[in-house]
Amino acid sequence: MQDVTRNITGETKIYGIIGNPVHHSMSPEMHNIAFREHGMNSVYIALPTSHISDGVRGLKALGFKGVSITIPYKQDVIPFVDVIDPVAEKIGAINTLVIKKGEDSSEKIVYGYNTDWIGANRALEEKISLQGSRVLVLGAGGSARAIGFGLLEAGAEVILTNRTAEKGRKLAGQLGCSFYRTDELGQIQADVLVNATSVGMVPDTEKTPVPKDLLSGFKVVMDIVYAPLQTRLIKEAQSVGCQTVDGLSMLLYQGAAQFKLWTGREAPLDVMREVLYRNFR
Ligand code: ATR
C-alpha cells in the first residue's frame, strides 16, 4: 500500500469518488498512484454519500477539484451539474465531475462528463478500428447505453440484443440501431462482440452470454465483467481464436480519461494498470 499521506499539505488538491457503496472501489488506488507518479500534490479518497444534492454542494463548498460518480448516482447527479458534456447528455449518465471557477467570475462551476464510453472505445481501439466496424452489444442497462452511444461516436455500426426484448428494443430505438432477440443470435454477423451485461460475474462464473459455437465469427470479444478477469466468455473467445479485451481495460481507460480531464496531463497508464491488475493475480 502506498503512503499517500506523506504528500498532504495545505495546498493538496482533493479528488474522490461519490457513490454508495464505495469501499470496494479500485479508483482511489488507481488515481493516487497516478498523482504520485506525476509528483502532483493531489489526493483521491472514497466518499460514501447518502444525498447526492448535498454531496455536490459539499464538494463545491469544500474546494474539491473533481470526483468520480458511481452507482447509484450516475443519473441522479445530472440536475446538480451546471454544464453537461453533449455525449454524457445523450447517454443520460455522468461518471465524472470537474469543479472549477468560471472564466468571468469567482463562482464555481460543476462540469459533468461520461468517460465510461471513452474507456470502452479506447480498450477496443487497441484491437480494431471502430470506424465502420459492426459491433454487437449485449445488454440494455446503463453500461450498454454508455457503450452503445460511445460506439456511435466512433463511427461504428451498433446492433443490440438483450434478455428482456422490450427493454432492448427501447434502447435500440434511442440508439437508432437494430435489435435482435437472444434466440436470434446465430443470425448476426459482426466484427466485435461486447458483453455489457453482468452474465458471468462471480458467483455465476459458469455462465456465459453467448454459446462458444457462435464466437468464432467475431474478430474481437470484449467483456465488461472483470470479476473474474478471465470470464468464461473471454476464455472461450480466446480458444476459438478471437482477440479479447477484459473488463479491467475499460476501467483503466475511463480512469485515464478522468485523470486527463482533472489535470490536463496524460495518465501514467503503466502504474495505473499495475495497480488494477495486482488485485487479480
Ligand atoms: P448496468 O448499469 O451495469 O448496465 P443494469 O442496468 O442492471 O446494470 O443492466 C444489467 C444488464 O444485464 C441488463 O441488460 C440485463 O438484462 P435484462 O434487461 O433482461 O434484465 C442483463 N442481465 C443481467 N443478468 C442477466 C442474465 N442472467 N441473463 C441475461 N441478461 C442479464
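The values are calculated or read from the model by the stated rules, or taken from the named source; none is laboratory data. Note that this is a predicted model, so its numbers are computed, not measured. Cβ placement follows ideal geometry from the backbone for every residue including glycine, while neighbour counts extend to all protein chains displayed. Surface areas here come from the heavy atoms of the whole protein model, side chains and all, with no ligands, DNA or RNA. Shrake-Rupley method; radii C 1.70, N 1.55, O 1.52, S 1.80 Å.
Just so you know, in the stretch 103-150 the residues that are within 13 Å of the ligand (Cβ to nearest atom) and assigned to a loop (DSSP other than H, G, I, E, B) include one that is surrounded by the fewest Cβ atoms within 10 Å (Cβ to Cβ), and it is Gly141. Residue under question is Gly55, and the condition is that it be without any contact (Cβ under 8 Å) to a residue 40 or more places away in the chain, in a helix (DSSP H, G or I) and more than 17 Å from the chain's Cα centre (by Cα); does it hold? Judged against the criteria, Gly55 is a match. I'd like to know if the stretch 186-208 contains one or more residues that are modelled with pLDDT of 95 or more, of a type in the set (D, E, K, R) and not in a loop (DSSP other than H, G, I, E, B). Taking every residue of the stretch 186-208 in turn, none turns out to be modelled with pLDDT of 95 or more, of a type in the set (D, E, K, R) and not in a loop (DSSP other than H, G, I, E, B).
Taking the criterion of being over 20 Å from Leu151 (Cα atoms) and near the ligand (Cβ under 10 Å from one of its atoms), the residues of the stretch 191-207 that qualify are Val199, Gly200, Met201, Asp204, Lys207. Assess whether Arg169 counts as being open to solvent by 50 Å² or more (accessible area, probe 1.4 Å) and in a helix (DSSP H, G or I). Here the answer is yes, as Arg169 does meet what is asked. Report yes if some residue within the stretch 172-186 is touching a helix residue (DSSP H, G or I) at 6+ places or on another chain (Cβ under 8 Å) and open to solvent by less than 10 Å² (accessible area, probe 1.4 Å); otherwise report no. Checked the stretch 172-186: no residue is touching a helix residue (DSSP H, G or I) at 6+ places or on another chain (Cβ under 8 Å) and open to solvent by less than 10 Å² (accessible area, probe 1.4 Å). Before we move on, is Pro211 surrounded by fewer than 16 Cβ atoms within 10 Å (Cβ to Cβ) and away from the ligand (no atom under 12 Å from the Cβ)? Yes: the conditions hold for Pro211.
So that you can scan it fast, the table gives a plain yes or no per residue for (1) outside the structural domain of Ala227 (by TED's automatic domain parsing); (2) open to solvent by less than 20 Å² (accessible area, probe 1.4 Å); (3) among the small types (Gly, Ala, Ser); (4) closer than 23 Å to Glu266 by Cα:
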site	(1), (2), (3), (4)
Ser25	yes, no, yes, yes
His38	yes, no, no, yes
Ser42	yes, yes, yes, yes
Leu59	yes, yes, no, no
Lys65	yes, no, no, yes
Ser68	yes, yes, yes, yes
Lys74	yes, no, no, no
Val77	yes, yes, no, no
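Looking only at residues that are within 14 Å of the ligand (Cβ to nearest atom) and over 17 Å from Val137 (Cβ atoms) in the stretch 217-231, which one is farthest from the chain's Cα centre (by Cα)? In this case the residue turns out to be Ala227. In the set Ile33, Ile94, only one residue is open to solvent by 30 Å² or more (accessible area, probe 1.4 Å) and within 20 Å of the chain's Cα centre (by Cα); that residue is Ile33.
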